[in-house]
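Worksheet for the structure shown next.
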Amino acid sequence: MTNKLDEVFKQGRNDLLNVYCTAGYPHLHSTTEVILALQESGVDMIEIGMPYSDPIADGPVIQASNNQALANGMSIPMLFSQLESIKDKLTVPIMLMGYLNPIMQFGVEAFCKKAAEVGVTALIIPDLPAEEYQRKYKKTFAANMLHNIFLVTPQSSAERIKLYDKLGGGFVYVVSSAGITGAAHNIVAQKSYFEKIKGLKLRLPVLVGFGIRSKDDLDVVGKYASGGIVGSAYIKAISYRENIPDTTQSFVQNLRT
């Protein structure tokens, strides 16, 4: 049995689109509507943020969506219940992005087991050190066929990036520049950084995130990676729209054409 995420990358494309959404936003039960709308709009994979009170890597837009989702009553058990209800409808790979503390409170083994049961293909945990992952959790992830996706930044050394490439799975998440999600990053200005990553000839494919908000941005990163990750721009788009399917369709279409 293969991981659905791996199948996507086997296509060898450079225009893959991963869109981030926050579970329980804009309303508690929006999660499934948003996921299915993204799938219907033609995204290649979906990254679902698990709301947390102190999301260190996220900018104000995603932080605000986290706060609203928590106020709405979102929790990890609620998210698993929502994913369970649509798992038979999902054709694109879904990933969970979140922080280590809530996962540990749930129980890492129990979390991984349940995530796999509801169709999750990978986890993105920014505050999980590679050494701790290797020592404590790698076997648990593998037993549940879950990839662990590491983030690299312009400050990451070549040795560190190669370690993430060795230990991780799915893809390497390349943060476009130092900072937080949603900030006004100049994607074009990061050419030398992207060339450095490409020159390392990593085992895993690469997706670029943070500050991606247009087709022009995606075209730039497509020269160096398999595609891009869009988060804050999508959260903004659905924050004040009632018709999530139509808004999502228009949003993704603008990124594609």
Next on the checklist: Given the criterion buried (at least 17 other Cβ atoms within 10 Å of the Cβ), without any contact (Cβ under 8 Å) to a residue 12 or more places away in the chain and of a type in the set (S, T, N, Q), identify the matching residue among GLN82, GLN63.
Outcome noted: GLN63
Checklist entry - Which one of these is in a helix (DSSP H, G or I), open to solvent by 80 Å² or more (accessible area, probe 1.4 Å) and modelled with pLDDT under 95: GLU195, GLU159, GLU242? => result GLU195
Checklist entry - Which one is farthest from PHE194 (Cα to Cα), of the residues in region 127-139 that are in contact with a Phe, Trp or Tyr (Cβ under 9 Å, 6 or more places away or on another chain) and modelled with pLDDT of 95 or more? => result TYR133
Checklist entry - Before we move on, is ILE46 buried (at least 17 other Cβ atoms within 10 Å of the Cβ), modelled with pLDDT of 95 or more and not in a helix (DSSP H, G or I)? => result yes
Next on the checklist: Take the residues in region 114-129 that are assigned to a helix (DSSP H, G or I) and open to solvent by 40 Å² or more (accessible area, probe 1.4 Å); name whichever of them is nearest to SER85 (Cα to Cα).
Outcome noted: GLU117
Next on the checklist: Here are the criteria: (1) assigned to a helix (DSSP H, G or I); (2) of a type outside the set (Lys, Arg); (3) in contact with a Lys or Arg (Cβ under 9 Å, 6 or more places away or on another chain). Tell me which single one PRO154 does not satisfy.
Outcome noted: (1)
Item to check | Residue within region 2-19 that is closer than 18 Å to TYR99 by Cβ and at pLDDT 95 or above present | outcome: no
Checklist entry - Do we find that LEU70 is within 15 Å of THR32 (Cβ to Cβ), part of a helix (DSSP H, G or I) and either open to solvent by 60 Å² or more (accessible area, probe 1.4 Å) or not acidic (Asp, Glu) (or both) in this structure? => result no
Checklist entry - If you scan region 214-236, which residues turn out to be open to solvent by 20 Å² or more (accessible area, probe 1.4 Å) and within 22 Å of PRO51 (Cα to Cα)? => result ALA233, LYS236
Next on the checklist: Any residue that is modelled with pLDDT of 95 or more, more than 16 Å from LYS201 (Cβ to Cβ) and open to solvent by less than 30 Å² (accessible area, probe 1.4 Å) - is there at least one of those in region 179-186?
Outcome noted: no
Checklist entry - Scanning for something of a type in the set (Lys, Arg) and exposed (fewer than 13 other Cβ atoms within 10 Å of the Cβ), does region 200-210 turn up at least one residue? => result yes
Next on the checklist: Residue under question is PHE111, and the condition is that it be touching a Lys or Arg at 6+ places or on another chain (Cβ under 8 Å), within 20 Å of ALA23 (Cβ to Cβ), part of a helix (DSSP H, G or I) and not basic (Lys, Arg); does it hold?
Outcome noted: no
Checklist outcome for this item: PRO51 fails exactly one of (1) on the phi > 0 side of the Ramachandran plot; (2) in contact with a strand residue (DSSP E or B) (Cβ under 7 Å, 6 or more places away or on another chain), namely (1)
Checklist entry - What's the number of the condition GLN39 fails, among (1) polar (S, T, N, Q); (2) over 13 Å from the mean Cα position of the chain (by Cα); (3) open to solvent by less than 10 Å² (accessible area, probe 1.4 Å)? => result (3)
Item to check | Qualifying residue in region 86-95 (condition: open to solvent by 40 Å² or more (accessible area, probe 1.4 Å) and more than 21 Å from ASN148 (Cα to Cα)) | outcome: yes
Checklist entry - All but one of (1) open to solvent by 10 Å² or more (accessible area, probe 1.4 Å); (2) at pLDDT 95 or above hold for PRO154; which doesn't? => result (2)
Checklist entry - Would it be correct to say that ILE76 is in contact with a Phe, Trp or Tyr (Cβ under 6 Å, 6 or more places away or on another chain), modelled with pLDDT of 95 or more and buried (at least 18 other Cβ atoms within 10 Å of the Cβ)? => result yes
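The values are calculated or read from the model by the stated rules, or taken from the named source; none is laboratory data. Treat the numbers as computed from the prediction; the structure is a model and nothing was measured. Positions of Cβ are generated from backbone atoms using ideal geometry, with glycine treated the same way; all protein chains shown enter the neighbour counts. Each accessible area value is taken on the protein alone, full model and side chains, heavy atoms only, with ligands, DNA and RNA left out. Shrake-Rupley method; radii C 1.70, N 1.55, O 1.52, S 1.80 Å.
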